[in-house]
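First comes the structure, then the notes that go with it.
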Amino acid sequence: IVTVTDGCNVSVIDTVVVTVNSDGSVAIACSEIKVGTLCQPDTMCVPITITGSGFVVNASYGTFENGYLCFLADTSGTYNIRVIATASCKSDTCDLTFPVTKYDPIDVVCRGTDTTVTVCDATGSVFIPVSILGNPTSVIVSPVNARIVNGQIEIPITGAGAVPVKVVASNPCYSDSCGFTLNVHVNEPPVVTLEPSI
């Protein structure tokens, strides 16, 4: 109620209606860190809960639509994205972190053909070159006692015979393998036979 009085002491009373709109608030529930895996460039979408009404959402990278923030991920790295929701009375900010790993195709190349080696005795190891390109998360070598050492397959020798060798490298997106047979000959010491003298 508003009352106005002039110098002649004449008063006028009127009623003013004030309408308060409380719909201009907004709040963002920040998501936990999301770890992404890429086999090729792709769009990643994560849900973001925003409550309130009449708000506008802006993201430093990507777009927010229907409750999801979507952005293009094309390389390995950490994507730091700031999301700001603005209403008439308030704004809220959320800083999101998305570590993304992009996996490359795997290429495994063993020695081109089957290999034959001659050793002096059935001890020690044979080393065969191998090339593994890409970013493998797992490398399995058979036989079980073989291993990769400085770009070579170390194969312990346990005796003569044919040893099947296989290398399998993989990551969450790709896998490749190569194999060959290692033929091991163990040298035998010379035998000297003296004929009886006449």
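The values are calculated or read from the model by the stated rules, or taken from the named source; none is laboratory data. The shown structure was predicted, so the numbers you read here are calculated from the model rather than taken from an experiment. Here the Cβ positions follow ideal geometry from the backbone for every residue, glycine too, while neighbour counts run over all protein chains shown. The protein model used for the area step is the full one, side chains on, heavy atoms only, and it has no ligands, DNA or RNA in it. Shrake-Rupley method; radii C 1.70, N 1.55, O 1.52, S 1.80 Å.
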Q | Which listed residue is at pLDDT 85 or above, surrounded by 15 or more Cβ atoms within 10 Å (Cβ to Cβ) and of a type outside the set (A, V, I, L, M), from Thr86, Thr63, Thr75 | A | Thr86
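Residue-wise test of (1) touching a Cys at 6+ places or on another chain (Cβ under 8 Å); (2) polar (S, T, N, Q); (3) assigned to a strand (DSSP E or B).
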{"position": "Val126", "(1), (2), (3)": "no, no, yes"}
{"position": "Ile132", "(1), (2), (3)": "no, no, yes"}
{"position": "Val139", "(1), (2), (3)": "no, no, yes"}
{"position": "Asn145", "(1), (2), (3)": "no, yes, no"}
{"position": "Ile153", "(1), (2), (3)": "yes, no, yes"}
{"position": "Val168", "(1), (2), (3)": "no, no, yes"}
{"position": "Asn183", "(1), (2), (3)": "no, yes, yes"}
{"position": "Pro190", "(1), (2), (3)": "no, no, no"}
**Q.** Candidates Ser131, Ser175, Ser138, Ser170, filtered to the one that is out of contact with any Pro (no Cβ under 7 Å at 6 or more places or on another chain), in contact (Cβ under 8 Å) with a residue 60 or more places away in the chain, small (Gly, Ala, Ser) and closer than 30 Å to Asp42 by Cα
**A.** Ser175
Q: Scan segment 66-96 residue by residue and report those that are part of a strand (DSSP E or B), under 18 Å from Pro41 (Cα atoms) and polar (S, T, N, Q).
A: Thr78, Asn80
(Q) What's the total number of residues in segment 94-148 that are hydroxyl-bearing (Ser, Thr, Tyr), open to solvent by less than 50 Å² (accessible area, probe 1.4 Å) and within 30 Å of Asp74 (Cα to Cα)? (A) 4
